[in-house]
1. Between B:E384 and B:A180, what is the spin-label point distance in nm, taking each point 7 Å from the Cα along the Cα→C-beta axis?
2. Under the Kirkwood approximation for Rh and a Cα-based Rg, what ratio Rg/Rh is obtained for the range B:180-316?
3. Any chance you could check the Cα centroid distance between the range B:372-393 and the range B:145-165 for me, in angstrom?
4. Compute the normalised compactness of the range A:167-231: alpha-carbon radius of gyration over 2.2 N^0.38 Å, N being the residue count.
5. According to a simple spin-label model (label point 7 Å from Cα along Cα-to-Cβ), what is the distance in nm between B:K362 and A:K504?
6. Please state the charge dipole magnitude for chain A, taken about the Cα centre, from unit charges on C-beta atoms (+1 on K and R, -1 on D and E), reported in debye and rounded to the nearest 20.
7. Using Cβ contacts closer than 10 Å as the measure, can you line up A:V88, B:V13 from fewest to most?
8. Give me the percent relative contact order of the range A:35-158, please, defined on Cα pairs under 8 angstrom at least 6 residues apart.
There are 2 protein chains.
Amino acid sequence: MEWKQRTIYCGQVSKELVGQEVTLNGWVQKRRDLGGVIFIDLRDREGLVQVVFNPEYNKEAWEIADKARSEYVLSVTGKVVERAPEAVNPKLKTGEIEVHIHTITILNEAKTPAFPIEDDLDVDEQIRLKYRYLDLRRPEMQRNFILRSKAAKAFRDFLDSNGFLEVETPMLTKSTPEGARDYLVPSRVHPGEFYALPQSPQLFKQLLMVSGFERYYQIVRCFRDEDLRADRQPEFTQVDIETSFLSMEDLLPMMEKMVAHVFKQTIGVDVPTPFPRLTYAEAMARYGSDKPDVRFGMELVDVSDLVANSGFKVFASVVENGGQVKAINAKGCGHYSRKEADDLGKFASRYGAKGLAWIGFKDGEVKGPIAKFFTEAEMQAMKERLEVADGDLLLFVADKPKVVADALGALRSKLGAELGLIDESKFAFLWVVDFPLVEWDEDAQRYVALHHPFTRPKDEDLHLFETDPSKMRAQAYDMVLNGYELGGGSMRIFKRDVQEKMFKILGHSPEDAREKFGFLLDAFEYGTPPHGGIALGLDRLIMLLAGRNNLREVIAFPKTASASDLMVNAPGTVEEAQLKDLHIASIAEKEDGEEA
Amino acid sequence: MEWKQRTIYCGQVSKELVGQEVTLNGWVQKRRDLGGVIFIDLRDREGLVQVVFNPEYNKEAWEIADKARSEYVLSVTGKVVERAPEAVNPKLKTGEIEVHIHTITILNEAKTPAFPIEDDLDVDEQIRLKYRYLDLRRPEMQRNFILRSKAAKAFRDFLDSNGFLEVETPMLTKSTPEGARDYLVPSRVHPGEFYALPQSPQLFKQLLMVSGFERYYQIVRCFRDEDLRADRQPEFTQVDIETSFLSMEDLLPMMEKMVAHVFKQTIGVDVPTPFPRLTYAEAMARYGSDKPDVRFGMELVDVSDLVANSGFKVFASVVENGGQVKAINAKGCGHYSRKEADDLGKFASRYGAKGLAWIGFKDGEVKGPIAKFFTEAEMQAMKERLEVADGDLLLFVADKPKVVADALGALRSKLGAELGLIDESKFAFLWVVDFPLVEWDEDAQRYVALHHPFTRPKDEDLHLFETDPSKMRAQAYDMVLNGYELGGGSMRIFKRDVQEKMFKILGHSPEDAREKFGFLLDAFEYGTPPHGGIALGLDRLIMLLAGRNNLREVIAFPKTASASDLMVNAPGTVEEAQLKDLHIASIAEKEDGEEA
């Protein structure tokens, strides 16, 4: 079979080509027959163009075109012609022209697809995933993956021009002692032994620094066998970076420039740098979150001092017992009914709040069951501190700081979205820094590392190892965008004495540490440079770049929430002999109603 | 701890910087004390430079430098100075200058490494793999991975500028019905079911063509659980490419340009294009290999016609029974002893040859046990056809064509290397084309696909489906470099009638085919464009670019021949609870002397 190759993509035929001959290859989006003339919208990955068949241009071509149906694959050749003014389609990028065809080859036929190949599809996602090859044909999906490809290229160009080397690390590696669940891979050659798929190349990238590669990057697949949510996938891609000799103050500006470069190259948006920074303490205090969406206000305001001695004993006793009372001001929600306020309370209780108190201000009146407990002065002080105007609603949580932050932080996010406070065109980047190095684990009665045991403490906090480790801050940082954690990283401990102190407060004996982190500690003995890095979640970044809210829109062949691929039907059963080769047996109980 | 960041890499300090101040970060390669002056060769990934400490420059720095030992990590600042003529080191890129240091920080100390950090190391590879982080510090290893990073970038730049989109395909997918062994991954959520790690993204890349992405690429990890050789790894990386609407005559020149771009960008070599092409038949006939090393001659020459009626009955009867007799001329080996010739025979027997006949020409005499069976005319004809000069040795194999090709092809490679016939500076690319579409499987009594069942036959051979499938040639191609298969691919079947005929000759019923290739065949019903692609083995390409002969030299953390990672000790045992979570049990018999 012979056909002519395109000279230009459908979506790129423009007025400048009027009078010229072009060849197009693509799919039939739509076919209409108007008074013996056939109009076809031909589609390829770059867009649509109208091609016209008229017996007057070429009778044979017109006859062949008459057989074409939706999603047929065509190669057509003809002349670009300016449309008559009344025929211009301003909604179409190529709407000012059309192509008068004299030669056509039907390259392939098509059955009617399970859903139309168009944007804003209203079809169950399961169907889209089963017929993913058709779903991916839709223009919005094509745009997402063109964007993704561009973004990866932009990352690489930036990193390459900044002296980073791409180094590939193994996928078949060793199960890690801590952290999320590993995917395991049985070994045929080593009976009873297993590889693990990497949760990240953390150890390898630190070893590459020990090896002197200085600046490493990799856009790399990682695996976590965790229960999935909308923004989690069992396999995900991260932009993984590690550098030697740089301090945090060197690395962070470089990473800002990198992300700004990617945004500029992909969606043409100028991201202002430097990014604002919030300490972890400040982020939790003001937004109740370590990944705050700072596109809107409605900050958490501490009123503990104002209510400590008030007549509302619930608040007073929480403060007395070392807790805190905080409020947010839901602007313009003063008209909320008791039912509406109670619903917010139910929402808050999911985040651990025992109750959500509220005071409404509407038409000069003060509403809500707790209002009566406060003196006029107390009320006035709260109104001032929370900048209350008539029509506002104050929402209070009184509890331990963590519960207050979780509940009010979640409420703030919910109300921010519902009240339309968020400028969706905005990209609000920030760094969250000064994370605690360790936190106290009540169950284990010991400190645990907030990031990992190789995270470097701040130099000025080193003296706290002996006195109060819980006050130590880490040289760790998260990059946050619009309420999402894009990624994070840290400077790593590279000095032996610091590492030993760290293990000591984590309750690891030297033997213990060696057992768990053996070869990495060995490696660190041979001249380890100061080093640190970051990992950014590529899937999530692309999701935000594309203005989506579901990772599956930016992963070509994603898994469902039950970690299934509905198109290829993975996972699936295998032959008994395959398992035997791998020295394993299935111990699955076959039962009806097994989770799908 | 504070230190100064480098202003330049050690290996890049040049005469142009004389008089200027530089800061360097790096490792101590060597430290000498000459008359109270300390000379350190400081190393980073770009090379070495000599830094000098003299109490006259700065006493404190000199005192600190006195503590530095091999592989200590330093940050030093000082002035670039031209060396005295007698102190110039012409072997060192930076040998014309040195840096007089006034400030030094010892960033880290180091134990003495298990082997010296230098090129041309004579150390057991097992030790190198165990201490891979030290092995990777050696300059030749650093160069290999800088090269690898550059090569990947060059591939991407070329593909990007030719309209290819990088699309990521899943790693957790489904076990394929045929081909090499899959690595399996048990599922926690789906008891008794398994994912498989991909042997290649073949199905996904074809589906991306169905989706209309037109030009796809990915530099992607693939997995094969096969028994390993020096040039195999359980996980390997391929440059995976698929295109729509292009014919083979469009794709192959594009791929040549791509590879030429990579060679130019990485090692500065101009690769001439277009690559020569050999048909499979010709490659087998002339070189006894479908991946011939054409950097030297010593081609296989058919002498069947000359010996068919000769007095040497072994040859005559082979020809009579449909076999062939071929010879190669080992130039200058006429002096080989009977023992040496017999050793070659033993080598040939490993490739299935029942015997290796030989005739030597030395000082006007004709040697060898079979010489006497030929008439003068027969001998003369052979000498002419094989261009025999005095001092040459003819080596004959008489057998079925496949055995002749295998045995003489292997002998040719061996002798080419041993006799120094190969110009190691040369890169001899070629395409092998016109592979048979199918071959007859005696055991199964049916045809099997030589590549895979989606490989498109040549248009002019389509009529042979009904008459003689074994004569059909595929639109398939291998890219060969210096005797290595760099990769291969094919145009794929995209028309339903052709696919049905293909399945028919392979003995698959339509139900059979659907069971095996279900969703792909479904996908093909919805408007599949003509498409085809290629996959190149990146590891092997880098190996050849770097002038190495072992894949492990160009993979940062490789596996041994028994698929082990000696540094991290993978695979390894896991907790019983982990297996239980995955609904599997180990059935390994624990025995001593288990293969390591």
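1. Placing both labels 7 Å along Cα→Cβ, they lie 4.9 nm apart.
2. 1.12
3. Taking the Cα centre of the range B:145-165 as reference, the centre of the range B:372-393 is 52 Å away.
4. On the way: Rg = 13.6 Å, N = 65, 2.2 N^0.38 = 10.7 Å.
Computed over Cα atoms of the range A:167-231, the ratio equals 1.27.
5. According to this spin-label approximation, the distance is 7.8 nm.
6. Values: 77 positive and 97 negative charges, 163 e Å.
For chain A, the charge dipole is close to 780 debye.
7. Numbers: A:V88 14, B:V13 28.
Ascending Cβ contact count within 10 Å gives the list A:V88, B:V13.
8. Values: 164 pairs, mean separation 28.1, N = 124.
Answer for the range A:35-158 is 23 percent.
A short reminder: the numbers here are calculations on the coordinates, not readings from a lab. Just so we're clear, the structure is a prediction, and the values are computed from it rather than from any experiment. Neighbour counts are summed over all protein chains in view; Cβ atoms, including those assigned to glycine, are modelled from backbone coordinates with ideal geometry.
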